[in-house]
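Visitor: Starting off with a structure, shown below.
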Amino acid sequence: HVVFASDAGNFAGMLTAMLSLTRHLSHPANMSIHLVVNKEDLALAAEVSECFSREMAWEMLPQVVLHEFRELPFPLNFYMPPLTFYWTRVFLHEYLPEVPRAL
């Protein structure tokens, strides 16, 4: 399981990383890619996922799963997006409760 957390401003880089990662795996179908994005970016993230599938055009692609970014349980007045996404790794267990390990 590989997790990316981003806002729409970084979707081009996220797509590039997804493509590079997949091209360098011997068994890409054994991996899942999780995208954690803001609610307002979910539709665009779905388009990024579709673009990823078209670009790879392989039969056995990693599964791409979209997750809505959850508000942090404490105020971070000094953090502004996209810095709030850095906290996603602290709360990965809430996004992926059944997954024992994720990158």
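The values are calculated or read from the model by the stated rules, or taken from the named source; none is laboratory data. Only a predicted model underlies this, so the values are computations on that prediction, with no experimental measurement involved. Ideal geometry is used to build each Cβ from the backbone, glycine not excepted, and the neighbour counts take in all protein chains shown. Areas reflect the complete protein model, heavy atoms only, side chains present, ligands, DNA and RNA absent. Shrake-Rupley method; radii C 1.70, N 1.55, O 1.52, S 1.80 Å.
Visitor: Among the listed residues Ala29, Ala17, Ala46, identify the single one that is of a type in the set (Gly, Ala, Ser), closer than 27 Å to Glu94 by Cβ and in contact with a Pro (Cβ under 9 Å, 6 or more places away or on another chain).
Guide: None of the other options fit; the residue is Ala29.
Visitor: Which members of the range 27-48 meet the condition of being open to solvent by less than 40 Å² (accessible area, probe 1.4 Å) and either modelled with pLDDT of 95 or more or part of a strand (DSSP E or B) (or both)?
Guide: Ser32, Ile33, His34, Leu35, Val36, Val37, Asp41, Ala45, Ala46, Val48
Visitor: Just need a number here: residues in the range 79-96 that are part of a loop (DSSP other than H, G, I, E, B) and at pLDDT below 90.
Guide: 4
Visitor: Within the range 1-26, track down each residue that is among the β-branched types (Val, Ile, Thr) and either at pLDDT below 95 or touching a helix residue (DSSP H, G or I) at 6+ places or on another chain (Cβ under 8 Å) (or both).
Guide: Taking the range 1-26 as the starting set, the residues that turn out to be among the β-branched types (Val, Ile, Thr) are 2-3, 16, 22.
The answer is Val2, Val3, Thr22.
Visitor: Next up: Could you list, in sequence order, the residues of the range 49-78 that are open to solvent by less than 40 Å² (accessible area, probe 1.4 Å) and in a helix (DSSP H, G or I)?
Guide: Ser49, Phe52, Met56
Visitor: Would you point out the residue of the range 85-101, among those that are farther than 12 Å from His1 by Cβ and of a type in the set (A, V, I, L, M, F, W, C), that is least open to solvent (accessible area, probe 1.4 Å)?
Guide: So, considering only residues that are farther than 12 Å from His1 by Cβ and of a type in the set (A, V, I, L, M, F, W, C), the one least open to solvent (accessible area, probe 1.4 Å) is Phe85.
Visitor: Filter the range 49-72 down to the residues that are small (Gly, Ala, Ser) and more than 12 Å from the chain's Cα centre (by Cα), then identify the one that is modelled with the highest pLDDT. Outline the logic, then answer.
Guide: Initial filter on the range 49-72 (small (Gly, Ala, Ser)): 49, 53, 57.
Among the residues that remain, those that are also more than 12 Å from the chain's Cα centre (by Cα) are: 53, 57.
Working: Ser53: 91, Ala57: 81.
By that ranking, first place goes to Ser53.
Visitor: Scanning the range 1-14 for residues that are open to solvent by less than 30 Å² (accessible area, probe 1.4 Å) and in a helix (DSSP H, G or I), which turns out farthest from Arg101 (Cα to Cα)?
Guide: Across the range 1-14, the extreme among qualifying residues is Phe11.
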